[in-house]
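A short worksheet on the structure shown next.
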Amino acid sequence: MRPSTLITAIPPGLHVAIIMDGNGRWAVARGLPRAAGHRRGAETVRAIVEAAPALGIRTLTLYAFSSDNWRRPEREVAALMRLFRAYVRSETKRLVANGVRLSVIGRRDRLELPLRTAIEAAESATAGGTTLHLRLAIDYSSRDALAAAATAAWRAGAGALTADSLATALGAAYGPGASALDVDLLIRTGGERRLSDFLLWECAYAELWFTDVMWPAFGATELAAAVSDFHGRERRFGGLVAQPLQAPAALGPGGGGPRPRSAGDGTNQRRTTTVRPPGQCGLA
Ligand code: FPP
């Protein structure tokens, strides 16, 4: 059995990833500056984080700022960075109280020091959270992370990459202690239907759910509707019907053959290409 491949019966819990789109349009439609939409969007983040555990979500990855977002006007970028800092600082207490572990994935070297410091403080204060793992993707680009992971593996002389070794390197590219975890459900608000360089590797078998609702107007009701729709889908992972999982040793040569990932109820079994460090209660 390759050490970095686990086929696990996961604890009840979904990995939901959200592309939070529509802040600007929501604000403009109300005659407000775009920054007001982002501020309202931050309130939605708070509401969704609170609603997630009751819906069986165990990991929530939110796309807060893509590496391409640096191209926005300086004023808007500055407002967003201030908002992230304020959120991270002001929410830490509440996150700890609610058992939420906060992590940030993405590049940190281009973030201003006060934001980096606030992130590190919040990550360390919330490290014991076991109810929900909230991951904020800031200065995140899936393509850049994949390129960085491949480069790191090549520099380490790792030889030919496998899906598993690349996934492990990808986790490392996200930041200390981070991992690349398959997404169960990807939600995008704001009416667009694209992935925008978000978790491209991890969304290989994600179920996709799009809504026209703008992020500031999104709420627990919409999240519950998305999760409920997800539970109604049959996930076949390339197979035909739900099949019992095979042990990795029974897979094709080098493990490169078909990889059954079926889950009886579509959610309770998952293949992950990451090794979970002990003591994280299955959160990743
Ligand atoms: C996309 O909407 C949204 C962003 C680029 C920023 C996301 C930020 C938030 C939700 C605010 C707070 C987040 C945290 C984590 C505190 P857009 O502005 O591109 O909307 P548009 O397509 O209508 O212009």
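Derivation of every value follows stated rules applied to the coordinates shown; laboratory data play no part. The structure displayed is predicted, hence computed values, not measured ones. No Cβ is skipped: glycine too gets one built from the backbone with ideal geometry, and neighbour counts run over all protein chains shown.
Rounded to the nearest whole Hz, the Karplus-based 3J(HN,Hα) values (6.51 cos²θ - 1.76 cosθ + 1.60, θ = phi - 60°) of the stretch 189-195 follow the sequence 8, x, x, 7, 10, 8, 8, with x at glycine and proline. Just going by the charge dipole of the stretch 1-158, with Lys and Arg at +1 and Asp and Glu at -1 on Cβ, which of GLY157, VAL96, PRO33 is farthest out on the positive end? Result: PRO33.
In this rough spin-label picture, where each label sits 7 Å from Cα along the Cβ direction, the THR130-GLU112 distance is 3.8 nm.
Charged side chains reduced to their Cβ positions (Lys and Arg at +1, Asp and Glu at -1) give the stretch 135-199 a dipole of some 100 debye around its Cα centre. Rounded to whole numbers, the Karplus 3J(HN,Hα) couplings from phi for the stretch 139-151 are 6, 10, 9, 4, 4, 4, 5, 5, 5, 5, 5, 5, 5 Hz, using 6.51 cos²θ - 1.76 cosθ + 1.60 with θ = phi - 60°, and x at Gly and Pro. Placing pseudo-labels 7 Å out from each Cα toward the beta carbon at ALA78 and ALA54 gives an inter-label distance of 4.0 nm.
In the stretch 137-151, whose amide N lies under 18 Å from the spot 7 Å out along Cα-to-Cβ of SER196? List them in ranges. Once the point is set 7 Å along Cα→Cβ of SER196, 137-145 turn out to lie under 18 Å by backbone N, inside the stretch 137-151.
Note on THR117, THR59: ascending count of other Cβ atoms within 10 Å places them as THR117, THR59, the fewest first. Using R0 = 51 Å, the C-beta based FRET efficiency linking LEU161 and SER90 works out to 0.80. Rounded to the nearest 20, the Cβ-based charge dipole of the stretch 16-83 about its Cα centre (Lys and Arg +1, Asp and Glu -1) stands at 180 debye. Residues ARG58, ARG89, arranged from fewest to most other Cβ atoms within 10 angstrom of their Cβ, appear as ARG89, ARG58.
Each of THR44, THR162 was scored by other Cβ atoms within 10 Å of its Cβ. Listed from fewest to most, they are THR162, THR44. Karplus-derived 3J(HN,Hα) values for the stretch 101-107, using 6.51 cos²θ - 1.76 cosθ + 1.60 with θ = phi - 60°, are 8, 9, 9, 10, 10, x, 6 Hz; glycine and proline are entered as x.
For the pair HIS231 and ASP68, what calculated FRET efficiency results from E = 1/(1 + (r/R0)^6), where r is the Cβ-Cβ distance and R0 = 30 Å, to the nearest 0.05? FRET efficiency, ASP68 to HIS231: 0.35.
Note on ALA224 and THR151: the model spin-label points, each 7 Å out from Cα along the C-beta direction, lie 4.6 nm apart.
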